[in-house]
1. If I filter region 114-125 down to residues being of a type in the set (A, V, I, L, M, F, W, C) and not in a helix (DSSP H, G or I), which single residue comes out as least open to solvent (accessible area, probe 1.4 Å)?
2. I need the full set of residues from region 41-72 which are at pLDDT 95 or above, among the small types (Gly, Ala, Ser) and either open to solvent by less than 10 Å² (accessible area, probe 1.4 Å) or in contact with a Lys or Arg (Cβ under 7 Å, 6 or more places away or on another chain) (or both), in order please.
3. Being open to solvent by less than 40 Å² (accessible area, probe 1.4 Å) and either assigned to a helix (DSSP H, G or I) or among the aliphatic types (A, V, I, L, M) (or both) is the filter here, so list the residues in region 134-150 that pass it.
4. What are the residue pairs meeting all of these: first residue in region 158-171, first residue free of Cβ contacts under 8 Å to residues at least 60 places away in the same chain, second residue open to solvent by 10 Å² or more (accessible area, probe 1.4 Å) and in a helix (DSSP H, G or I), Cβ atoms under 8 Å, and 6 or more apart or on different chains?
5. Condition (residue is within 22 Å of the chain's Cα centre (by Cα), among the acidic types (Asp, Glu) and modelled with pLDDT of 90 or more) applied to region 286-297: is it met by at least one residue?
6. Of everything in region 228-282, what is open to solvent by 30 Å² or more (accessible area, probe 1.4 Å), hydrophobic (A, V, I, L, M, F, W, C) and more than 17 Å from residue 189 (Cα to Cα)? Give them in sequence order.
7. If you check residue 27 against the conditions, is it within 14 Å of residue 64 (Cα to Cα), surrounded by 22 or more Cβ atoms within 10 Å (Cβ to Cβ) and touching a Ser or Thr at 6+ places or on another chain (Cβ under 9 Å)?
8. What pairs come up if the first residue lies in region 255-268 and is charged (D, E, K, R), the second is part of a loop (DSSP other than H, G, I, E, B), and their beta carbons are under 7 Å apart, counting only those six or more places apart or on different chains?
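The values are calculated or read from the model by the stated rules, or taken from the named source; none is laboratory data. Predicted model only: the values in this text are computed from it and were never measured. Note: ideal-geometry Cβ built from the backbone for every residue, glycine included; neighbour counts use all protein chains shown. Heads up: the accessible areas ignore ligands, DNA and RNA and are worked out on the full protein's heavy atoms, side chains in. Shrake-Rupley method; radii C 1.70, N 1.55, O 1.52, S 1.80 Å.
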Amino acid sequence: MVDIAPVLKAVVPAAGLGTRFLPATKATPKEMLPVVDKPAIQYVVEEAVDAGLSDVLMITGRSKRSIEDHFDRAYELEEALDAKGDSERLAAIRESADLATMHYVRQGEPRGLGHAVHCARQHVGHEPFAVLLGDDMIDARDKLLQRMIEVRGQYGGSVVALMEVEPDQVSAYGCAAIEATGEDDVVRISDLVEKPAAEEAPSNWIIIGRYVCDPAVFDVLEKTPPGRGGEIQLTDALRTLADMPAENGGGVYGVKFRGRRYDTGNKLEYLRTVVQFAAERPDLAPEFIPWLREFVRAHDAADGVGGSGDA
């Protein structure tokens, strides 16, 4: 019987160049762009902690020092807020420093997600671990990562998060060929293809930025050649694991996710995410939503869009 060790560590790759957000990301890491009043990366770390993973390794790169500073103490600022009696903001800035036990390692050059994950090998060792991509934010009310860890405990192997999309969207993601199990939200993955053309995709189920990996992935990544885009792809390594026997750490399963996901990887989706988060904030929504409705009405009127119903 395969020994299934518990998942205790999280790896967060954050070494990308953020070119889609230039010039804002020339000196500021993309992961530090705010979603209302917290950087996107903090929501991701909060998700890991909420799933019971308080040991978090951040894979960073050059010009990413502000990420480390964000999750560290800021004593001068704390003293200034304490002197003013501003307990609310003091608690807010201490929250990020107290979230988790944070560790950092640099990816020397951008060689793909698979290479970034391989950089975690020394820290992770022979333990299973979760990978959370900073571009994907999962609503805190949807316990996707907890479910993935449960599935890993039940089936072993590695687990990926899947979402169903329209056929014309599959070319932007890794795509899975799936086989049913006895559970509605769990499938076995028989094949994975990185960014296939729509007509070549094995299904409409794409991999989103959550993984639970068996430590066997490190040996596979060591031997995985550069794939699409000349980069070492985690998808290619998982494809190899899908064909390996369970006793060697093989087997890949998918959790079908039908909850709320926010994509901060491009400008349009980032803006949508900020609006959605602001609209659900009790301290902002009472003023923000009426303003937003009025803005849309005025915008439609300026464009000559008719309609007498409420927005």
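1. Looking at the filtered set, the residue picked out is 120.
2. Residue satisfying the conditions is 48 alone.
3. So in region 134-150, the residues open to solvent by less than 40 Å² (accessible area, probe 1.4 Å) come out as 134, 136-139, 142, 144-145, 148-149.
Answer for region 134-150, where residues must be open to solvent by less than 40 Å² (accessible area, probe 1.4 Å) and either assigned to a helix (DSSP H, G or I) or among the aliphatic types (A, V, I, L, M) (or both): 137, 138, 144, 145, 148, 149.
4. Partner pairs satisfying both residue conditions: 167/198; 168/198; 170/198; 171/198.
5. no
6. 268, 271, 274, 275, 277, 279
7. On the way: within 14 Å of residue 64 (Cα to Cα): yes; surrounded by 22 or more Cβ atoms within 10 Å (Cβ to Cβ): no; touching a Ser or Thr at 6+ places or on another chain (Cβ under 9 Å): yes.
No.
8. 256/185; 260/139; 260/142; 263/135
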